[in-house]
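Let me begin by presenting the structure, written as structure tokens, before commenting on it.
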Amino acid sequence: MDMIVTPTGKLQGEIQALSSKNYTTRYMLVAALAEGTSTIRFPARSEDSDAMRRCIRDLGAVIEEDDEKMVIKGFGRSPYPAKTLNVGNAGAVLRFLMSVAALLPEVTFVNAYPQSLGKRPHDDLIAALQSMGVEVEHQNGRLPITIRGGRPRGGKIRVSGSVSSQYLSSLLFLAPLLEEDSEIEVLNDLKSKVVVGQTLEVLQQAGIVVEASDDLMHYRIPGRQRYKAQTYTVQGDYPGSAAILAAAAVTESDVKVHRLLENSKQGERAVVDVLRSMEVPLTHENGIVRVTGNGRLKAGEFDGDAFTDGVLAMVAAAVFAEGTSRFYNVENLRYKECDRITDFLTELRKAGANVEEKRDEIIVHGRPEGVEGGATIDAHYDHRVIMALSVVGLRAKQPIRIKDAHHVAKSYPNFFDHLASLGAQVEWVK
């Protein structure tokens with residue numbers, strides 16, 4: 001399904017932020033790794049959470065759910081020996097479960113999305129698992145991937161963090177279950193440190209002891225730990241809300257987004273500060289972000305590594321800012337569902353944006369007068385690209401058509417419903 005976004009001058013109304021995808025998938029995993037029954041309140045409903053649900057069920061977790069909660073009876077350290085697992089297009093779910101799969105004699109992760117997740121490499125995690133005595137069969141670091149484990153070894157483990165922090169998080173979920181104590185050293189740089197903070201927060205809530213250095217580059221994890229069955233409450237999601245806030249920023253608006261905690265450990269909480277620095281009128285109090293947009297924004301320079309999954313939405317806002325904006329330290333965007341630098345900027349140019357790229361930068365020459373639009377745009381099956389392009393469509397002079405926009409469901413199934421409820425002119429077409 002394609003989406004036609006028609007220029008919309010005003011947005012007004014209130015929405016509840018969807019629940020955090022990152023926290024939901026992490027809570028589901030630690031609940032599955034616990035021996036006993038855990039409850040997750042307000043879990044996110046998305047393709048990523050569907051992928052985690054499907055896979056932990058295949059591994060032996062028993063799941064019951066209703067509109068407000070999910071109850072999971074875990075398998076602990078003894079997952080069911082499934083032969084295959086299908087993570088869909090969910091890269092984080094794949095990477096987290098690759099380490100869990102090391103507890104099994106043999107399991108194959110199938111390649112369900114050869115044009116998206118199937119193109120993404122996982123070499124750094126593969127190398128770390130191999131150093132732990134796990135045999136890994138792969139296609140130049142890509143899916144399909146077969147894990148042959150059974151008894152992974154702890155001890156000294158090294159993993160590169162220069163491509164993704166998800167490799168480190170994956171090992172942090174596994175290490176407490178090993179017989180030996182473990183020390184994990186992160187090599188090179190560590191991308192998205194704030195997301196590692198979310199992993200550490202969830203592990204602590206699950207009763208797991210991890211000693212982390214202040215720079216998050218070294219860890220000590222005692223072995224033979226047990227995950228505790230707990231009740232978890234999922235907070236509102238900043239990465240998805242970033243696009244709603246950007247949409248409000250580039251239009252005449254009075255929009256409130258609820259359930260966005262001021263003290264959240266989500267790195268994308270920084271998008272509120274980014275919009276403030278772009279002189280967008282907003283307040284953030286009592287878990288509510290209120291944007292009273294006037295369509296006028298000022299350019300700025302931002303370290304995108306602090307809010308990786310909010311960068312594209314902020315780039316979309318910067319398209320209409322006065323001056324030139326620079327988003328730096330964002331090379332890891334190239335290793336997502338698509339190359340979120342080259343692919344995204346290619347599509348922005350089709351809509352009339354003036355953008356350029358470097359290896360680890362996005363540079364936006366703002367056009368406060370708006371962009372032409374009138375184009376059909378390929379979103380490359382990427383939910384973040386879809387949402388960001390929708391923001392641009394609201395200030396284009398002619399409608400834009402976003403191909404395969406239904407892939408927004410990967411993280412935010414009701415994104416366009418929320419936009420429409422605020423007054424945006426959006427229409428599904430085949």
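Since every read-out is calculated from the coordinates, none of them should be taken as a lab result. None of the values given here were measured: they were computed from a predicted structure. Cβ sites come from the backbone with ideal geometry, for glycine too, and all protein chains shown count toward neighbours.
Of the peptides 64-77, 107-120, 16-29, 170-183, the order by per-residue mean of other Cβ atoms within 10 Å, starting with the highest, comes out as 16-29, 170-183, 107-120, 64-77. Along the Cα-to-C-beta direction of Glu183, a point sits 7 Å from the Cα; which residues of the stretch 208-224 have their amide N less than 20 Å from that point? Label zone hits: 209-224. In angstrom, the C-alpha Rg and Dmax of the stretch 1-117 are 16.9, 58. Modelled spin-label separation between Asp404 and Glu252, with each label point placed 7 Å from Cα along the Cα-to-Cβ direction: 3.8 nm. Compared with the direct C-alpha span, the chain from Glu356 to Glu68 gains 99.3 nm at full extension, assuming 0.36 nm per residue. Per-residue ellipticity at 222 nm for the chain, helices alone: DSSP H runs ≥ 4 residues times -39500 (n - 2.57), over residue total, nearest 500 deg cm²/dmol? After summing the helix terms and dividing by residue count, I get -8500 deg cm²/dmol.
With both labels modelled 7 Å from their Cα along Cα-to-Cβ, the Val209 to Lys298 distance reads 5.1 nm.
Taking the inverse of the mean reciprocal distance over all distinct Cα pairs, the Kirkwood hydrodynamic radius of the stretch 329-383 comes to 11.8 Å.
Label zone of Glu201 (point 7 Å out along Cα→Cβ, amide N under 12 Å): in the stretch 220-246 this covers 233-239. With all pairs of separate Cα atoms included, the stretch 21-223 yields a Kirkwood hydrodynamic radius of 16.7 Å. Residues of the stretch 246-286 with backbone nitrogen within less than 16 Å of a virtual label 7 Å along the Cα-to-Cβ line of Gln16, please, listed as ranges. Within reach of a label on Gln16, which here means backbone N under 16 Å from a point 7 Å along Cα→Cβ, the stretch 246-286 contributes 256-261. Checking (1) 40; (2) 50; (3) 46 against the coordinates, the calculated percent of Cα pairs over 30 Å apart falls under label (1).
The Rg/Rh ratio for the stretch 111-222 is 0.97, where Rg is the radius of gyration of the alpha carbons and Rh is the Kirkwood radius. Given that compact globular proteins tend to follow 2.2 N^0.38 Å, what is the ratio of the alpha-carbon Rg of the stretch 233-374 to that value? After normalising by residue count via 2.2 N^0.38 Å, the value is 0.99.
Apply 1/(1 + (r/R0)^6) to the Cβ-Cβ distance of Ser277 and Asn329, taking R0 = 25 Å, and write down the FRET efficiency to the nearest 0.05. The value I calculate is 0.95.
Each label was represented as a point 7 Å from its Cα along the Cα-to-Cβ direction; for Glu285 and Met1 these points are 3.8 nm apart.
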